[in-house]
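None of the figures in this text is laboratory data; all of them are computed from the coordinates on show. Everything numeric here is computed off the predicted structure, so don't read it as measured data. Cβ placement follows ideal geometry from the backbone for every residue including glycine, while neighbour counts extend to all protein chains displayed.
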Amino acid sequence: MTQNGKAASLLAALTISATFSAAVFVVGPASAHKTPVTREQLKSYDDAFMDAVKKGDLLFHGDAATAKAMGVTLSNSGMACAMCHPHAADTHPHTYPKFQAQIGKFSTLRDMVNWCIEKPMQGEQIEADSEAMKDLEAYIYWSNTGSVLTPGKY
């Protein structure tokens with residue numbers, strides 16, 4: 001490329017860059033939340049999450065009354081999730097979705113929860129979008145707070 005060709009290419013790139021920068025400045029960044037979240041809203045969000053964590057904790061540790069109230073049968077073997085995973089240890093929620101060897105396919109955390117319910121605990125699979133699944137998931141994620149996300153890590 002000639003010196004004039006290089007200069008023309010550079011000028012074109014700068015013009016495009018300047019035009020794009022000006023458009024972004026004029027239009028501004030897109031925002032999902034145009035209204036700031038209030039302290040009261042944040043508290044209600046946190047309260048809802050912690051309510052789910054508390055119910056998930058009870059389910060995870062085999063509380064029969066909570067399971068019955070939620071209409072789920074997590075175990076018929078007398079086992080609870082916490083027997084193999086005390087305080088949700090070794091659940092690795094931060095690595096999902098990934099290929100899960102026990103299941104033999106690419107899986108989500110919810111798939112693995114149901115595999116554990118059905119296989120070692122001999123319970124009945126729960127719906128992926130059920131409150132019980134959301135509560136178990138909330139407890140597992142909360143218990144692993146601070147873990148670095150590494151989706152796909154085997």
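In this calculation the C-beta distance from Ser147 to Thr35 is compared with R0 = 41 Å, giving a FRET efficiency of 0.85. Please give the net charge around Pro97, taking every other residue with its beta carbon less than 12 angstrom from that of Pro97, where Lys and Arg add +1 and Asp and Glu add -1. With Lys, Arg at +1 and Asp, Glu at -1, the neighbours total +3. Between Glu131 and Asp51, what is the spin-label point distance in nm, taking each point 7 Å from the Cα along the Cα→C-beta axis? Roughly 0.9 nm, to one decimal.
Residues in the range 58-69 carry Karplus couplings, in order, of 4, 4, 4, 9, x, 6, 5, 5, 5, 4, 5, 4 Hz; the curve used is 6.51 cos²θ - 1.76 cosθ + 1.60 with θ = phi - 60°, and Gly or Pro positions show x.
The order of the peptides 68-75, 34-41, 56-63 by mean Cβ neighbours within 10 Å, most packed first, is 56-63, 68-75, 34-41.
For a test of the definition: using alpha carbon positions, the gyration tensor, and the 1.5 limit on a/c, classify the range 85-154 as rounded, prolate or oblate. It comes out oblate by the Cα gyration axes. Evaluating 6.51 cos²θ - 1.76 cosθ + 1.60 at θ = phi - 60° for every residue in the range 36-43, the Karplus couplings come out as x, 7, 7, 4, 5, 5, 4, 5 Hz, glycine and proline recorded as x. Working note: Cα gyration tensor of the range 48-129, eigenvalues times five, square-rooted, sorted largest first, giving semi-axes of 20, 15, 12 Å.
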